[in-house]
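Below: one structure, written as structure tokens.
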Amino acid sequence: MVRINGGSLSREDVPRLAKENEIYLRNSITNEGCEILAAVLQITTTLKALTFYGVGVIALQNNKFVEALAKNPTIKSLNLWYCNCGVEGAKAIAAVLKENSTIEIIYLWNNRIGNEGVAELAEALKVNSSLQRLKLYGNNIGDNGAKSLAEALKTNKALQKLDLDRNNIGDDGAKALADALKTNKALQTLDLWNNNISDDGAKALAES
């Protein structure tokens, strides 16, 4: 794994970075840095994981990076920690998931995507066949977001683990997820720690 400051990337770094297994970026990244990452994604045969800490939103606003990520055949894990992606960032990730067939893990910790952003991801999950784990810790998706994911789970056959910790989900969202689990046979783990689910919602989940 190589740890880099995205603001210090140059075109000369492309061949070296293309040989890495994992790239970890933090502190800052420019649009030029995003385009350099796009060039890496276009030629790499080894890169398996790409992690952004606090800087990923800029990359998700860069069309060249998003297009390169969507077409990349090697990335298995995409991680965005505290990147403030918001709805627009979620839309970009959804666009990637609709085209990409190799990404298996996405971590979106504390990215403020809300129910509108997760609705975009849910639509992508209806057609995506590769994503196995989705972690949406601390994104305030609420009941409406949980309902969107529940609809996606009724047709998705790939997702095995869904982490929805700290998302302000109540009984309505829990019941929607429980209903989806009655038909979904792929999901093995659903994490709902620290939400607003009462015994009523917990009972529905236990009976699903």
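The values are calculated or read from the model by the stated rules, or taken from the named source; none is laboratory data. As the structure is a prediction and not an experimental result, all values here were calculated from the model. We place every Cβ from the backbone using ideal geometry, glycine too, and count neighbours over all the protein chains shown. Keep in mind that these areas ignore ligands, DNA and RNA; they rest on the heavy atoms of the full protein, side chains included. Shrake-Rupley method; radii C 1.70, N 1.55, O 1.52, S 1.80 Å.
Karplus-derived 3J(HN,Hα) values for segment 68-84, using 6.51 cos²θ - 1.76 cosθ + 1.60 with θ = phi - 60°, are 5, 5, 4, 8, 5, x, 10, 5, 9, 10, 10, 10, 10, 10, 6, 9, 6 Hz; glycine and proline are entered as x.
Modelled this way, with points 7 Å down the Cα-to-C-beta line, the labels at Thr183 and Glu67 are 3.7 nm from one another. Each part gets one Cα centre, and for segment 65-81 versus segment 1-53 those centres are 11 Å apart.
Relative protection proxy for 125-135, 170-180, from highest mean packing down: 170-180, 125-135 (other beta-carbon atoms within 10 angstrom). Look at [x] 11.9; [y] 10.0; [z] 22.7: the one that is mean projected area of the Cα convex hull in nm² derived from this structure is [y]. Normalising the average separation of contacting C-alpha pairs (under 8 angstrom, six or more residues apart) by the number of residues puts the relative contact order of segment 105-208 at 27 percent.
To put it simply, the accessible area of segment 71-208 at a 1.4 Å probe is 43 percent carbon and sulfur. Sequentially through segment 125-135, phi angles give Karplus couplings (6.51, -1.76, 1.60; θ = phi - 60°) of 5, 5, 10, 6, 10, 10, 5, 9, 9, 10, 10 Hz, Gly and Pro residues having no value and appearing as x.
FRET efficiency for the Lys126 to Ser10 pair, using the beta carbon distance and R₀ = 35 Å, is estimated at 0.30. Phi angles across segment 193-208 convert, under the Karplus curve 6.51 cos²θ - 1.76 cosθ + 1.60 with θ = phi - 60°, into 3J(HN,Hα) values of 5, 6, 10, 10, 9, 8, 4, 4, x, 5, 5, 4, 5, 5, 8, 7 Hz, Gly and Pro given as x. Using just its DSSP H runs of length 4 or more, each adding -39500 (n - 2.57), the chain gives a mean residue ellipticity at 222 nm of -12500 deg cm²/dmol after division by all residues. Full extension of the chain between Thr155 and Thr30 gives 41.2 nm of extra length, using 0.36 nm per residue less the Cα-Cα distance.
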